[in-house]
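We did not get these values from a lab; they are worked out from the coordinates using the rules stated. Remember, it's a predicted structure, so these values are computed and weren't measured experimentally. Here the Cβ is made from the backbone with ideal geometry for all residues, glycine too, and neighbour counts use every protein chain on show.
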C-alpha cells in the first residue's frame, strides 16, 4: 500500500499549492486515513488564506493538525472525512471524521478520529466541525422555550446555529442576512428569513455570526431590554466600533463571546469528544445538506481557494472531492 500523499498548502497570503507528502508507517496507537471529502469553511479559512490572522492570535488560531505557521507557508483546515486503511481492528475500514487539513492521506492518533454514524452520509459529515461550533454556541446561549431569536449572518456557522435552533420548541427563529438569496437556505432549514432592515426586533437572544461591524450593531438594535447578543464572529485583524451610547446602558444589554476552542463553561463537565459526538448525531438531519453550496476536486484547490476568498464562488461550505 502506498503511503505517499498530497496536501494543499498556503504558500503565502493569496497563493496556494499542492505538495507531495511522504508518510511513515503508522504506529500501534495511530490510524492511516484515506480522505474521501474535506470541506472549506469559508469564513475562517479564507481569513487564513488572505493572511489576516493577527500575530497576537497565531497560537490561538492553530488548527489541531496544522503544519507550518501564519501567515505562511501553512497547511490549514479542519473538516475531513475518510476511511481508515490501517490501524486498530475496531477502526479499520470505518468511515471517520477528523479535524485535519486538505490532504489525500494522513496519519493521526486513533483518539483523534470520530466514527461517522451509519445514518450520516460521508458527504454531509464534513459539516461536523461547524455543527460542533453551533452546539457549543447554544451551550453558551442557553435559549429557552418560547424565545424570540435572531441569527444575524447567514454564513456556515450562522446557518448551523439556525438549523439547531429550529428544533427548540416554541421559539421564533429568524435568519438575518444582507443577501436575499440566503432565504432559500433559511426555508430549507425551517426558519424565517429577513434582511437587516426588515428583521423583527424585541428579541430575547441574538446570535451574531456575520463578522461585520454593521451586523454586530444591528444585533444590539434587535434586542429587547436586558437581552443578550452571543457573538460567534471572528474579525481577524480588523477593529470593530460599536454604538455603546444611546440605549446600550439604559436597556442593560449584554454582549458575550462564544468560541469553540474551549468547551462552554455552562457544560464544564463535558469534553471535546462529547461535543463532537453530539454534532455527529445531529447530522442525521438531511436539512443540513442546505449548508453545502458547491463542490470541487482536490486538484482544483489552488484555483478554488482564491475564488472563495474573493467571493467569486458563493459558498457556505464548499466541499472538496478526492475520488471520481
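Going from the residue with the fewest nearby Cβ atoms within 10 Å to the one with the most, 160, 94 rank 94, 160.
Distance distribution note for the chain: the fraction of Cα pairs above 30 angstrom is 34%. Once you order the gyration tensor axes a ≥ b ≥ c over the Cα atoms, which shape class does the range 130-267 get: rounded for a/c under 1.5, otherwise prolate or oblate by comparing a/b with b/c? The shape class here is rounded. Considering only 204, 28, 177, the mean-square fluctuation computed in a Gaussian network model of the chain, springs between alpha carbons under 10 angstrom, is largest for 28. Viscosity 0.890 mPa s, temperature 25 °C: Stokes-Einstein D of the range 213-269 from its Kirkwood Cα radius, in µm² per second? Diffusion coefficient, whole number: 192 µm²/s. With springs only between Cα atoms under 10 Å apart, run a GNM on the chain and tell me which of 305, 156, 61 wobbles the most. The residue that fluctuates most here is 61. Taking the number of Cβ atoms within 10 Å of each Cβ as an exposure proxy, the fewest-first ranking of 276, 10 is 276, 10. I want to verify a result. In a Gaussian network model of the chain, Cα cutoff 10 Å, which of these has the top mean-square fluctuation: 193, 49, 248? Looking only at 193, 49, 248, the largest GNM fluctuation is found for 248. Of all DSSP bridge pairs formed entirely within the chain, close to 55 percent run antiparallel.
One equal scatterer on each Cα of the range 109-171, no solvent, Debye formula: the resulting log10 I(q)/I(0) at q = 0.11, 0.23, 0.26 Å⁻¹ is -0.32, -1.01, -1.15. Each residue in 239, 256, 319 was given a count of other beta-carbon atoms within 10 angstrom of its own, and listing them fewest first yields 239, 256, 319.
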